[in-house]
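Engineer: Let me give you the structure first, and then I'll get to my questions.
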């Protein structure tokens, strides 16, 4: 099966909105990248939080950085918002590893059917 960008998008959006570990890692990756650019707003190259989400997501990232976990409400909020940042996560992801995970998922679906 050829893994298209659409398949990658669907996989990432699903993982980011349903898997707490993926959502937290994604949040920290975007936050770190945004901080490294010394920018508080969405950057021209498309990396960082939107101005609308910044006030919500940055405090969550700072909380995780300080080794504190998110409560259920915060985690639900994160999962609802982080999936729209799938393109940024795709930019910093090992594509071969991602495609391998997609292939494993697809083969397990075929086997289960």
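Engineer: Rounded to the nearest 10 degrees, what's the angle between the helix 5-18 long axis and the longest principal axis of the chain, both from Cα atoms, 0 to 90?
Structural biologist: With rounding to tens, the tilt is 60 degrees.
Engineer: Can I ask one more? Report the gain in length on full extension from residue 94 to residue 54: 0.36 nm times residue separation, minus Cα-Cα distance, nm rounded to one decimal.
Structural biologist: Value of the extension gain: 11.8 nm.
Engineer: Could you check the spin-label model distance between residue 101 and residue 77? Points 7 Å from the Cα along Cα→Cβ, value in nm.
Structural biologist: 2.5 nm
Engineer: What's the exposure ranking of 47, 52, going from fewest to most Cβ atoms within 10 Å?
Structural biologist: 52, 47
Engineer: A further question on this structure: Compare the peptides 3-16, 22-35, 95-108 by average per-residue count of other Cβ atoms within 10 angstrom and give them in order, highest first.
Structural biologist: 22-35, 3-16, 95-108
Bear in mind that the values in this text are calculations on the coordinates, not laboratory data. Here the structure is a predicted model, which means the values were calculated and not measured. Neighbour counts run over all protein chains shown; Cβ positions are idealised from the backbone, glycine included.
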